[in-house]
Amino acid sequence: TYNSENMWTVSKNGLFGVLDSSGKIIASPQFDWIDTYTEGKAIVKSHDRYGFIDKSGEITYKSEFDKIYAFQEGLARVQKGNKYGFINDRGDTIIEPTFDAASDFKEGLAAVEKNNGPEGTTTDLEWGYIDRLGSTTIGYDFDSASSFDNGCALTLKDNNCTLVKNSSIRFISDKTETDSSKAWKIHFNNPLDDKTITYDYPDKGKTTISSIDM
């Protein structure tokens with residue numbers, strides 16, 4: 001079956017391998033599971049070990065991680081126990097697994113969650129943003145935070161929504177939405193406490209965003 005990026009997945013006796021677009025065997029069926037190719041690599045699992053394979057067939061296993069996610073912007077999110085970090089395309093740990101939750105990198109930043117309270121507690125979990133070096137760029141002050149898209153991200157604090165701008169993005173598309181009745185679907189990291197939350201526009205005052213059961 002077609003995988004992605006001109007690569008194909010084949011299976012035999014319940015195991016999976018990889019062919020290139022010419023039909024050349026890149027990896028014989030040996031994996032328990034293989035993800036789609038992203039940025040030239042696919043995440044694989046074999047005998048409870050996670051790793052990744054490139055388009056030449058080179059396989060890198062990283063047995064110290066419980067799970068590896070797809071590469072985004074050259075880094076892959078990894079899970080070790082209940083903590084998350086990031087590795088590069090050589091398998092080097094770039095950002096140690098110290099976060100309680102994390103999203104993939106997008107536009108140079110990743111939303112991550114950490115505990116700002118006493119060790120061993122979970123009452124002070126807050127979301128913020130880090131750059132590709134693991135440095136905090138937007139402090140941990142949110143109940144929920146989305147990934148950046150076109151230079152902006154949506155954050156939630158005490159049921160108030162705020163748009164955060166990525167200062168490293170100098171150009172944001174000038175596309176405008178003229179359909180006033182368009183329905184927007186917004187996903188938050190955590191469920192909302194109420195059916196309605198308030199968003200404070202800087203120049204237009206407060207309005208509300210209602211959650212709808214679909």
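Structure values in brief
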| quantity | calculated |
| --- | --- |
| Selection from segment 127-148 of residues that are over 20 Å from residue 87 (Cβ atoms), open to solvent by 40 Å² or more (accessible area, probe 1.4 Å) and in a loop (DSSP other than H, G, I, E, B) | 143 |
| Test for residue 103: is it polar (S, T, N, Q), within 30 Å of residue 63 (Cα to Cα) and modelled with pLDDT of 90 or more | yes |
| Residue pairs meeting the criteria (Cβ under 8 Å; at least 6 apart or on separate chains; first at pLDDT 95 or above and among the charged types (D, E, K, R), in segment 81-92; second outside any strand (DSSP E or B) and open to solvent by 10 Å² or more (accessible area, probe 1.4 Å)) | 83/100 |
| Any chance residue 77 is open to solvent by 80 Å² or more (accessible area, probe 1.4 Å) and of a type in the set (Lys, Arg) | no |
| Residue match in segment 10-28 (condition: polar (S, T, N, Q), buried (at least 16 other Cβ atoms within 10 Å of the Cβ) and not in a loop (DSSP other than H, G, I, E, B)) | no |
| Members of segment 96-111 that are without any contact (Cβ under 8 Å) to a residue 40 or more places away in the chain and of a type in the set (D, E, K, R) | 96, 100 |
| Qualifying positions in segment 80-106 - polar (S, T, N, Q) and open to solvent by 70 Å² or more (accessible area, probe 1.4 Å) | 82, 98 |
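Residue-wise test of (1) closer than 30 Å to residue 102 by Cα; (2) among the hydroxyl-bearing types (Ser, Thr, Tyr); (3) open to solvent by less than 70 Å² (accessible area, probe 1.4 Å); (4) in contact with an Asp or Glu (Cβ under 6 Å, 6 or more places away or on another chain).
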site	(1), (2), (3), (4)
36	yes, yes, yes, no
39	yes, no, no, no
46	yes, yes, yes, yes
52	yes, no, yes, no
58	yes, no, no, no
67	yes, no, no, no
72	yes, no, yes, yes
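The values are calculated or read from the model by the stated rules, or taken from the named source; none is laboratory data. All figures in this text were calculated on a predicted structure; none of them were measured in a lab. Cβ atoms come from the backbone with ideal geometry, glycine included; neighbour counts cover every protein chain shown. Protein only, heavy atoms only, side chains kept; ligands, DNA and RNA dropped before computing areas. Shrake-Rupley method; radii C 1.70, N 1.55, O 1.52, S 1.80 Å.
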